[in-house]
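See structure below.
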Amino acid sequence: MTPRWTIAFDADDTLWHNERFFRAVTAEFETLLSSHCDPENLSVRLNAAEKRNLRIYGYGIKGFTLSLIETAIEVGGDKLPVSVIEQILTMGRDMLDHPIELLPHVETVLPALAEDFELLVITKGDLLHQETKIAQSGLGHLFNAVEIVSEKTAETYQHIFARYDTPRIMMVGNSLKSDVIPAIEAGAWGVWLSQNLTWDFEHSSPPIDQPKYCEIHDFSELPGLLDRLGR
């Protein structure tokens, strides 16, 4: 008898929308700072701040908000009004309070998968906010376990997969860099949910030479993929 799959999912931009809110706030930030810096230069400075601060603040909205403030002070200097900092803080709070918006077909496909497979969430970011989003999504009861990590590496996946002792495991996510490539390196199948909106830092080349690599363009394609691989 073929062992059944254990399927692990990324959360942000795999189960629900996330990146588009960051991009909307970035556009708002560029407008807010337009008298101090042109958008292209501001974008470069913000990206540099985010990259520099990842090891300090980690992933998520709180670290992003601090990088916005740091960048604003950098380009505005002594001429930067306190009101700009207040507006940035409000933007960050609004992002944290934004309701969950599930990606298409997640609401119908995930419960069907939960009937046949063991489901996990493996996500990175701020612990409190990720826990809150999972609770607000209405999907939490479908998962056998939720793993919130600071970084997704092959070693991280190996430690997680070892706890579940499953012969067939699949990691599904929108990030090649974080969800797919290190999961394959850890021995799992890596399924890339190809999205138009992916954070620049998560871009990588598809590992098309890897036999355990698959690509889907919509969440509704996942059951068909499982049928082809053998349930």
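Laboratory data are not the source of any read-out in this text; all were calculated from the coordinates shown. Worth saying up front: this structure is predicted, and the values here are computed from it rather than measured. Cβ coordinates were reconstructed from backbone atoms using ideal geometry, including for glycine residues, and neighbour counts include every protein chain displayed.
Of note:
- Between 97, 209, 116, the Gaussian network model of the chain with springs among Cα atoms under 10 angstrom shows the greatest mean-square fluctuation at 209.
- Considering only the chain, percent of DSSP beta bridges that pair antiparallel, nearest 5: 5 percent
- Percentage relative contact order, the chain, counting C-alpha pairs under 8 Å, at least six apart: 26 percent
- Trypsin sites (Lys or Arg not before Pro) restricted to DSSP loop in region 1-66 with at most 16 other C-beta within 10 Å: 4
- Length added when fully stretched, residue 208-residue 116, from 0.36 nm per residue minus Cα-Cα: 30.3 nm
- Space enclosed by the convex hull of the alpha-carbon atoms of region 35-110, per residue, Å³: 126 Å³
- Candidates 49, 183, 11: whichever shows maximal mean-square fluctuation once the chain is modelled as a Gaussian network with Cα springs under 10 Å: 49
- Couplings for region 98-111, taken from phi via the Karplus curve 6.51 cos²θ - 1.76 cosθ + 1.60 with θ = phi - 60°, read 5, x, 5, 10, 5, 5, x, 6, 4, 5, 9, 6, 4, x Hz in order; Gly and Pro are left as x.
- A cut-off of 5 Å between modelled amide H atoms, ignoring neighbours fewer than 5 places along the same chain, links residue 168 with 6.
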